[in-house]
Amino acid sequence: MAARDARLKSGSPAACRHVSGGVPGEMAMKILVVSDPPMEPSSYGGQVALLVPRLEAVGHEVIVYGLTYRGQAMTYGGISLIGGNGDMRGGHMGLYAQRVGADIVLTIKDPYVFDAGVLRSLPVPWVPWVPVDTEPMSALLTGYMAWALQPLAMSRNGQALMKEQSIQAAYVPPGIDTAFWTPGDQREARKRLGLPQNVFIAAFVGANQTNPSRKSLDQIILAWQLFLETHPDQRDAVLILHTNLGDSQGGIYVKGMLEALNLSESNWRASDQLLYAAGYITREYVRDIYRAADVLLNPSMGGGFELCMAEAQACGTPAISCNWTAMRETNWSGWQVDERTGGELFWCEMGAFRFRPRRAAIAKCLHMALEKRGDERIREAARAGALHYDIERVVSDYWLPALARLEALLGEGVLDAQEKAR
């Protein structure tokens, strides 16, 4: 502890150095990123894969502590990776931060999944990149922020909710590769996926890991049944379910629900469950889902950003979401379930509100999506909105200024900087 205090008071972190090959005269940091490993097919793993090479390109040195990675230290796609060996609570992040000489620990995960004692005793400053998926911001999450040097908010909504709790967070949104997530031929995408042509297709892309379902999977399926009942001319319509149909990951038993509702298998399709569970689904396959669909279904009970919405809209596919949390700012041309009339507040395990949409409200949005099917103006607006979150733009406009601010705080002396940040 004495060594830690001495380093903090010095105001000159050991690894903070002049950029070599970056911007002359600027400083760069050694950053320990704690998150999913870059090869994991999750939203967090995808952000690590996109972000780390770009931070290194401007001079920062980044080592990734992959929570679920089991194995020896290695380089993956140019990214230095060390393994947490399934240590999902991040119990060893302080030890690794010392060993690699990190200036900061940057967590890309919900902060409350980490061990509170570990975060309190980190030998270097902690910078959490924070999704806020409740309203108001939960007391649990607020408590964790007391140990952060500078929180980074994934959404403007999250930044505002933090400000209500007297937490001054910088806004840094997630980014997407808009050179990959692009519009494409819908007929060809449907052909590759074995889907029928000339029918209305909706898609759900997301994890099934909570019960009640944070992604509103149960309400989505009930809404789909209602849509089919009220639109007999759409008897061939298809709902794509790119998720786990079982409850092995803590989610709802989707397959059982489909069977209980007697939904015809001609009206829904699911991704190969073995490939999905093994993480062998390719990005190209998911892109084909977005391109094949007329609309993405994502009426989540709360979202810190909802990356699938950005990806789908980058492919020109509009989304159905709730007018709630970060979804207020990431639905650019689709339809939203109104929180005043389309559902009810749900007091969740976080000690704050989420929003449960009603199936009738989702079905109404599906009806509007059907009426606007093929409208190129809607598809173009979706793509235009997504371009604001292109990874190159996000790094230059948000990450670099945020990191420059962190470098300034470190240069001022961390103990004083932490007080100012609070």
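The values are calculated or read from the model by the stated rules, or taken from the named source; none is laboratory data. All values derive from a computational prediction rather than experimental measurement. Backbone-built Cβ (ideal geometry, glycine too); neighbour counts: all protein chains shown. With ligands, DNA and RNA removed, areas are computed over all heavy atoms of the protein, side chains included. Shrake-Rupley method; radii C 1.70, N 1.55, O 1.52, S 1.80 Å.
If you go through segment 311-357 and keep only what is basic (Lys, Arg) and touching a Leu at 6+ places or on another chain (Cβ under 9 Å), you end up with Arg354, Arg356. Among the residues of segment 323-348, those that are touching a residue at least 24 places away in the same chain (Cβ under 8 Å), farther than 21 Å from Ala360 by Cβ and not charged (D, E, K, R) comprise Thr325, Ala326, Thr330, Trp332, Ser333, Cys348. Taken over segment 319-348, the residue count meeting the criterion of being part of a helix (DSSP H, G or I) and either open to solvent by less than 40 Å² (accessible area, probe 1.4 Å) or of a type outside the set (Lys, Arg) (or both) is 3. Within segment 215-253, being β-branched (Val, Ile, Thr) and more than 22 Å from Glu306 (Cα to Cα) holds for Thr230, Val238.
Taken over segment 274-289, the criterion of being open to solvent by 60 Å² or more (accessible area, probe 1.4 Å) and not charged (D, E, K, R) is satisfied by Leu274, Leu275, Ala277, Tyr280, Thr282, Tyr285. Among the residues of segment 113-126, is any farther than 24 Å from Lys30 by Cα and within 20 Å of the chain's Cα centre (by Cα)? No, every residue in segment 113-126 fails to be farther than 24 Å from Lys30 by Cα and within 20 Å of the chain's Cα centre (by Cα). What number of residues within segment 369-383 are at pLDDT below 95 and touching a strand residue (DSSP E or B) at 6+ places or on another chain (Cβ under 8 Å)? Looking only at that region, the number is 0.
Scanning segment 290-302 for residues that are in a helix (DSSP H, G or I) and open to solvent by 10 Å² or more (accessible area, probe 1.4 Å) yields one hit, Arg291.
Of all residues in segment 168-182, those satisfying the criterion of being crowded, with 19+ Cβ neighbours inside 10 Å and either in contact with a Pro (Cβ under 8 Å, 6 or more places away or on another chain) or not hydroxyl-bearing (Ser, Thr, Tyr) (or both) are Ala169, Ala170, Val172, Pro173, Pro174, Gly175, Ile176, Trp181. Glu392 passes every criterion in (1) farther than 30 Å from Trp224 by Cβ; (2) crowded, with 19+ Cβ neighbours inside 10 Å apart from (2).
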